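Comments concern the structure below.
The values are calculated or read from the model by the stated rules, or taken from the named source; none is laboratory data. Quick caveat: nothing in here was measured; it's all calculated off a predicted structure. Please note: Cβ atoms are built from the backbone with ideal geometry, for glycine as well, and neighbour counts cover all protein chains shown. Side chains are part of the model used for accessible areas, which takes the heavy atoms of the whole protein and leaves out ligands, DNA and RNA. Shrake-Rupley method; radii C 1.70, N 1.55, O 1.52, S 1.80 Å.
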Amino acid sequence: MHQYLLAALLTIITWTANAQTRRIASTNGVSHKKSYDRNDYQPFTLSVKAGLTQFFGELGDQDMRGVSGVSMGRAFNKNISLHLDYYSGKLGGQKPAFFNSWFVNAYNSVEAIIKWNVTEQFNHFEPGNASFSIYGGLGIIYFNANAYDMDDNQLLRFTNSKLSARNPHFLRWGQPKSLANIRKTREGLLPLGTSLDYKMLKHWKVGIDYRFYFVRTDKLDATSGMRLINPEESESYSDTPNDKFSFIAVTLAYRFHLSH
């Protein structure tokens, strides 16, 4: 799957370079000004994504896992759009030194994203088919992580059990408040990313999306600090940096306009 993602990325980069080369000055009679086809303005977008994740934490030796998602977007103008995303994926990694452990994390996330189309914002020529955007937002992640021994695959640490209870929302410190037997830990997310998109047809776009997450927890890898105890929700956090992860994904988007 790695080679397919790389091939897609190289293809889109080539398209982008060609599109930039082919751009000409506007034909609207005013030199170096944009001239838009109003019929091409499709404010709503429905897209699907699939890619690979990468984890950054205590068990940070890489074991890239898969992720897929769906996104619904609404453009307010040519530059700014708002998106609501849902993802389902897995994280993985290992660390032979000290921990002698590997982990797997199954997660779901819901995210609200504001995207800024940099190409449209600063381009002084007729808009081409390729565009580059940056974005950021807020989200919630629900996950269940388990760490295993690298020699015999015995379960060593976990984030959820019958004793787990819900920690305060978006808060790192504090005693659990809700009932026990929480099956998935819930924490806050700060997603930041970039996307490179190419319009193939009037309604269709293909692209590459790279997203980096700051997570309000240090136990995405069922490990919290240089400790070997279970970092489940009924336990306190360690005083160590929070975990992070990212994904790179291929995107297929359909653009449309709701009729009145």
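FRET efficiency for Y254 and F76, Cβ-Cβ distance as r, R0 = 22 Å, nearest 0.05?
Details: r = 19 Å, r/R0 = 0.85.
The computed FRET efficiency comes out at 0.75.
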Checklist entry - What number comes out for the charge environment of R183, summing +1 per Lys or Arg and -1 per Asp or Glu over other residues with Cβ under 11 Å away? => result +3
Item to check | Simple Cβ-charge dipole of the stretch 182-233, Lys/Arg +1 and Asp/Glu -1, about Cα centre, in debye nearest 20 | outcome: 280 debye
Checklist entry - Say the cut-off is 32 Å between C-alpha atoms; which of K78/K184; K49/K184; K49/K162; K95/K205 go over it? => result K78/K184; K49/K162; K95/K205
Checklist entry - Once both labels are modelled 7 Å past Cα along the beta-carbon direction, what's the I140-R166 spacing in nm? => result 0.8 nm
Item to check | Principal axis dimensions, largest first and in whole angstrom, of the stretch 89-168 by Cα | outcome: 61, 32, 19
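Starting from 0.36 nm per residue, how many nanometres of slack lie between A180 and R227 once their C-alpha separation is accounted for? Numbers along the way, then the final one.
Values: separation 47, 0.36 × 47 = 16.92 nm, distance 2.35 nm.
That works out to 14.6 nm of additional length.
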Checklist entry - If amide H atoms are built 1.01 Å from N in the plane of the peptide, which residues on other chains or at least 5 residues away come under 5 Å of the amide H of V104? => result N146
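How much of the calculated P(r) for the stretch 47-132 lies past 22 Å, in percent of all Cα pairs?
Working: 1768 of 3655 pairs.
Cα-Cα pairs of the stretch 47-132 separated by over 22 Å account for 48 percent.
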Checklist entry - Any idea how far apart T240 and D152 come out in nm if each label point goes 7 Å out from Cα toward Cβ? => result 2.4 nm
Checklist entry - According to a simple spin-label model (label point 7 Å from Cα along Cα-to-Cβ), what is the distance in nm between L192 and F98? => result 2.6 nm
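What's the local net charge at G60, with K and R +1, D and E -1, over the other residues with C-beta under 13 Å away?
Neighbour charge sum, excluding G60 itself: -4.
Applying a 10 Å radius around every beta-carbon, put 42-55, 151-164 in order of their mean neighbour count, most first.
Descending packing order for the listed peptides: 42-55, 151-164.
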Item to check | Solvent exposure of the stretch 111-161 as accessible area per residue, Å², 1.4 Å probe | outcome: 46 Å²
